[in-house]
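Presented below is the structure to which this report refers.
Taken together, the values in this text are just the output of simple stated rules run on the coordinates, not laboratory data. The shown structure was predicted, so the numbers you read here are calculated from the model rather than taken from an experiment. Backbone-built Cβ (ideal geometry, glycine too); neighbour counts: all protein chains shown.
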Number of protein chains: 2
Amino acid sequence: MSAVPTIAAIDWGTTRLRVWLLDAGGAVVDERRSDEGLLTAQHKGFATVLDRHLRDMAAPENLPAIVCGMAGARQGWVEAPYVEVPASLGDILGSAVSVPGVGRDIRIVPGLAQRNPRAPDVMRGEETQLAGITKLIGSGSHLVCMPGTHSKWVIAEGGAIQGFGTWPTGEMFSVLSQHSILRHSIGDKPAAVSPDSQVFRDWCQEALFDGDIGARLFSIRAAGLLSGLGQDDAAAALSGLLIGAEVASAIRRFARREAPVVLVVSGALGALYAEAMRLDGIAVTIADADEAVLAGLVAAARRNGMLAEGMVK
Amino acid sequence: MSAVPTIAAIDWGTTRLRVWLLDAGGAVVDERRSDEGLLTAQHKGFATVLDRHLRDMAAPENLPAIVCGMAGARQGWVEAPYVEVPASLGDILGSAVSVPGVGRDIRIVPGLAQRNPRAPDVMRGEETQLAGITKLIGSGSHLVCMPGTHSKWVIAEGGAIQGFGTWPTGEMFSVLSQHSILRHSIGDKPAAVSPDSQVFRDWCQEALFDGDIGARLFSIRAAGLLSGLGQDDAAAALSGLLIGAEVASAIRRFARREAPVVLVVSGALGALYAEAMRLDGIAVTIADADEAVLAGLVAAARRNGMLAEGMVK
């Protein structure tokens, strides 16, 4: 470690945990990742898990911490009640909830709820990523795409979250490829899907046309029986179909903005979504999701007086 | 048994087997059902399974048999190669394949293949149901809906199958309710979904609007978190969403005919599809799927000279 930390920043998701130690300026002095997400922490205890990681990182015993993600769910550590949209990013971060009875100052950023009876929805964690890209969405009108197990699409206007939707594309890929008849087409170990795959592109293009998943799923199986579509190509077809349908559906629901779609994503998934957008003629601005959540946690710490305002990271 | 059988008629699906003994006029003299479908018969041997059932039914040793369904698949008993659409129902039945080396005359009705590269598709078993409803679809232009694990929608014109599509609605319900995050919403033992459920109707109506599944799945989970949607209602919502999306998608793909949609279905599922059609203002004519497959097997036996033509059942 090169400096004494001022605060710990924690992204506590369903299946993973990330911990950063930050100095007074918000710069990273140490970090670690673990698979002790919500499901594990419910078992071991949230305080126990976090204390051990901070001790292993030689952090001071009373180091404050700012937390986002599923730790704030009802079944998490301490419930941080949903903030209802529309809501400004500042108000969202300002609604962080304190964890009582622990030896340090811990605040958990709340998730967002959309109580529209025709499109009820919730998020936890992505609101902090959004707070980390205010340079991109802090003014004007933007459509933000945050791909993942449960992809979120968000309308941001003038620094406020107006509305959002969830497309469980990653989960559908996983569940359908493992548990439906498509498991015979895809097999146990399909290769990672590449955005250069013509099969990915063809199926994505078809789905972009009308967003229809149900009409096309079984055709992946039939293409295997009739024309020998292989296992890796079957996985590429399913990925293209689901991502193309997501993009078509989200664009239909939220309409296209004048500004490019802001694509917040890390790793290989970003290239697949960028390719789907390219095929649909959609301009994108890409932001790294890992950097966004860290910047959002820094913003949350500042908004809650845990880090000095105005210091530039 | 009230009469000596002339032939056995067999519907051999993936998970179940049905055997009827028919007299010379095609009337049923005995019947039984078993769960020894394709998956079991691959293990025990198709001839072994069938011989035992026929023996238990006291059928003559050399009784001929007409078979439809997955027994004719490549991984089945003897492959009955797909007939390509467009194809007349008579030609389909006439392409039945003999099983060699068994002590009786056994013919297997082929399935259908659609080699359209934009919509490859296959069916096995439903072609025989279609051959059993020629009174309804033998002339004129008809759209046929055959709900199930893998629902089929079929265009029939002048007694020929012009094209078809598969919507894996039953399988999606099963896989998503058991393996996705919706398992937390639906639980282990949801009540059977009723067409009178207002939740079923509301979600069906929404999905009928645009056929979009991906945009709405997660809202079932969110409705549980935000407004206390219960487990039975969550199951009704998923059922309504998937069936409504199927109907919207199929009607969009095949357009509506002047004649009512012919709904070929047995049991409780029929009422859900009939309700979805009613909500969409679609007139339907209902045919019983069990009766249709039996009538189709009788027609296949006649077409292959195993039962006298012209004798009315």
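State to the nearest 20 debye the size of the charge dipole of the stretch B:156-233 about its Cα centre, where the only charges are +1 on K and R beta carbons and -1 on D and E beta carbons. If you can, show how the numbers build up before the last one.
Details: 5 positive and 10 negative charges, 56 e Å.
Roughly 260 debye, rounded to the nearest 20.
Using only the Cα atoms of chain B, what semi-axes does the equivalent ellipsoid have when each is the square root of 5 times a gyration tensor eigenvalue? Give whole Å, largest first.
The answer is 37, 22, 17 Å, longest axis first.
From the label point of B:GLU79, set 7 Å along Cα to the beta carbon, how far off in nm is each other copy's matching point, shortest first?
Reported distances to equivalent positions: 5.9 nm.
Given 5 Å bins starting at zero, what is the percent of C-alpha pairs of the stretch B:53-145 in each, up to the one with the largest pair distance?
3, 12, 21, 21, 18, 13, 7, 4, 2, 0
P(r) tail for the stretch B:167-261, what percent of Cα pairs lie past 24 Å?
Here the long-distance tail beyond 24 Å is 18 percent of all Cα pairs in the stretch B:167-261.
Go ahead and set up a Gaussian network model of chain B, Cα springs under 10 Å, then flag whichever of B:LEU238, B:LEU22, B:LEU229 fluctuates most.
B:LEU229
Which of the listed residues, A:GLY94, A:ALA237, A:TYR273, is farthest toward the dipole's positive end in chain A, when Lys, Arg count +1 and Asp, Glu count -1 at the beta-carbon?
Comparing the listed Cα positions along the dipole, A:GLY94 ranks first.
Shielding of A:179-188 by partners, i.e. mean partner chain Cβ atoms within 10 Å per residue?
Mean shielding count: 2.
Between copies, how far apart are the B:ALA58 label points? List them in nm, one decimal, shortest first, with each point 7 Å from Cα toward Cβ, please?
Result for B:ALA58, in nm, nearest copy first: 9.0.
Separation between the A:ALA259 and B:GLN75 pseudo-spin-labels, each 7 Å from Cα along Cα→Cβ, expressed in nm?
Distance between label points: 5.0 nm.
What are the principal axis extents of the Cα atoms in the stretch B:1-94, in Å, biggest first?
In descending order, the Cα extents are 41, 32, 20 Å.
Dipole of chain A, Cα-centred, from +1 at each Lys and Arg C-beta and -1 at each Asp and Glu C-beta, to the nearest 20 debye?
Its charge dipole is roughly 420 debye.
To the nearest 0.05, how large is the calculated FRET efficiency for B:ARG278 and A:GLU84 if R₀ is 35 Å and r is the Cβ-Cβ distance?
Calculated value: 0.45.
At R0 = 35 Å, how high is the FRET efficiency between B:GLN205 and B:LEU39 if r is their beta carbon distance? Nearest 0.05 is fine.
Working: r = 37 Å, r/R0 = 1.06.
So the FRET efficiency works out to roughly 0.40.
Which residues' amide hydrogens lie under 5 Å from the amide hydrogen of B:GLU31, considering only partners 5 or more residues apart or on another chain, with H built in the peptide plane?
B:LEU21
Place +1 on the Cβ of every Lys and Arg and -1 on the Cβ of every Asp and Glu in chain B, take the dipole about the Cα centre, and give the residue among B:TRP77, B:ILE286, B:THR6 whose Cα lies farthest towards its positive end.
Of the candidates, B:TRP77 comes out farthest on the positive side.
How large is the Rg to Rh ratio of the stretch B:185-241 when both quantities use alpha carbon positions and Rh follows Kirkwood?
0.94
Looking only at other chains, what is the average number of their beta-carbon atoms within 10 angstrom of each beta-carbon in A:164-172?
For peptide A:164-172, the averaged partner shielding equals 5.
Using 7 Å Cα-to-Cβ label points, what is the A:VAL4/A:SER227 separation (nm, one decimal)?
Once both label points are built, they end up 6.8 nm from each other.
Test of understanding: in a Gaussian network model of chain B with alpha carbons linked when under 10 Å, which of B:LEU54, B:LEU39, B:LEU226 would top the mean-square fluctuation ranking?
Maximum among the listed residues: B:LEU226.
Got the A:PRO260 label distances to the other copies yet, label 7 Å along Cα→Cβ, in nm, shortest first?
Taking the point 7 Å beyond Cα along Cα→Cβ, the inter-copy spacings are 5.6 nm.
Please give me, ordered by residue number, the GluC sites (Glu not before Pro) of the stretch B:204-313 that lie in loop per DSSP and have at most 15 other Cβ atoms within 10 Å.
Counting only loop positions with at most 15 other Cβ atoms within 10 Å, the GluC sites (Glu not before Pro) in the stretch B:204-313 are B:GLU258, B:GLU309.
Under the definition of partner shielding as Cβ atoms of other protein chains within 10 Å of a residue Cβ, what is the mean value for peptide A:203-211?
Values: counts 0, 0, 0, 2, 1, 0, 0, 6, 7.
Across A:203-211, the average partner-chain Cβ count within 10 Å equals 2.
If I take all pairs of Cα atoms in the protein assembly as shown, what percentage of them are more than 32 Å from each other?
Beyond 32 Å sits 55 percent of the P(r) for the protein assembly as shown.
Among A:SER151, A:ILE106, A:SER34, which residue has its Cα positioned farthest towards the positive end of the charge dipole of the stretch A:1-157, with +1 placed on the Cβ of Lys and Arg, -1 on the Cβ of Asp and Glu, and the dipole taken about the Cα centre?
Value: A:SER151.
Sketch the reach of a paramagnetic label on A:ASP105 as a point 7 Å from Cα along Cα-to-Cβ, and name the residues of the stretch A:16-32 whose backbone nitrogen lies under 14 Å away.
Label zone hits: A:24.
Of all DSSP beta bridges in the protein assembly as shown, what percent run antiparallel (nearest 5)? Mind showing how you got there, number by number?
Working: 64 of 98 bridges.
Antiparallel bridges make up about 65 percent of those DSSP assigns within the protein assembly as shown.
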